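To start, the structure under review is shown below, and the notes come after it.
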Amino acid sequence: MRARAAPIALSACLAIVVSVSPAAANVGVYFDSAASLNSIFVPSWAPFSAYIVLTESPVNAVDGAQLAYSLRASHNPTAPVLRISQDVYGATGAIGTDALSGEYVLSWATPRPAGSALVLVSWQLVLTADDDLDICLAEVADPWVSDGMPEIQCAGTVYSVPIVLACFVSGHGDRSAVVNEDCQLPLEYNSWGAAKATYR
């Protein structure tokens with residue numbers, strides 16, 4: 001049975017306390033490690049990098065993470081993408097090897113300092129045809145806490161982290177990043193409720 005909570009956290013994993021309201025923690029897919037770009041245009045056969053990034057972590061350091069991913073194209077049943085490489089930054093555990101879908105259940109022996117942006121996983125990808133690409137994140141099949149969100153862990157304590165969404169289009173609300181699609185809403189809209197509130 002997995003540990004769900006620890007009465008005493010390691011000093012590296014203490015919760016961040018600030019006097020002003022902090023930005024909400026999120027996990028998303030970006031095309032830069034600073035977590036500022038989740039929509040790009042690239043031609044076929046031009047390699048590009050994608051990063052799964054934890055932003056505004058609720059803890060100072062992370063020693064575990066788990067999330068599911070999928071890559072799909074709007075008009076193609078099989079996304080025309082190849083994964084050239086991936087990096088899990090020294091993690092062990094279940095590491096997704098399928099370029100199109102899978103799960104990561106990661107553990108780091110030494111907690112990784114989180115800061116405002118922590119890259120959990122990075123990929124180098126290439127499109128094999130001129131097509132669009134949606135990159136989606138989700139909860140794993142056997143989560144630590146069943147709430148529909150990816151999770152991070154610190155010293156046995158689990159934190160659910162909402163997913164940053166990109167390009168709000170009806171029927172495509174779960175996309176965290178897009179390739180070769182024109183985003184109509186800017187990056188700061190990271191929830192469907194925030195996007196709807198703009199037009200009220």
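The values are calculated or read from the model by the stated rules, or taken from the named source; none is laboratory data. Every value quoted in this text rests on a predicted model; they were computed, and no experiment measured them. Quick reminder, even Gly has a Cβ in these numbers, built from the backbone with ideal geometry, and neighbours come from all protein chains shown.
At-a-glance table
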item: Neighbours by Cβ (under 9 Å, 6+ apart or cross-chain): first from the range 66-80, within 21 Å of Tyr104 (Cβ to Cβ); second of a type in the set (Ser, Thr, Tyr) and part of a loop (DSSP other than H, G, I, E, B); result: Arg72/Thr78
item: Residue in the range 33-48 that is within 12 Å of Ser122 (Cα to Cα), crowded, with 23+ Cβ neighbours inside 10 Å and of a type outside the set (Gly, Ala, Ser) present; result: no
item: Some residue of the range 132-145 being surrounded by fewer than 16 Cβ atoms within 10 Å (Cβ to Cβ) and either at positive phi or part of a strand (DSSP E or B) (or both); result: no
item: Which listed residue is modelled with pLDDT of 95 or more and loosely packed, with under 14 Cβ neighbours inside 10 Å, from Ala91, Ala109; result: Ala109
item: Flag for Pro7 being assigned to a loop (DSSP other than H, G, I, E, B) and modelled with pLDDT of 90 or more; result: no
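This table checks each residue for (1) closer than 15 Å to Ala177 by Cβ; (2) under 13 Å from the mean Cα position of the chain (by Cα); (3) of a type outside the set (S, T, N, Q); (4) surrounded by fewer than 21 Cβ atoms within 10 Å (Cβ to Cβ).
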position: Asn60; (1), (2), (3), (4): no, no, no, yes
position: Gln66; (1), (2), (3), (4): no, yes, no, no
position: Arg83; (1), (2), (3), (4): yes, no, yes, yes
position: Ile95; (1), (2), (3), (4): no, no, yes, yes
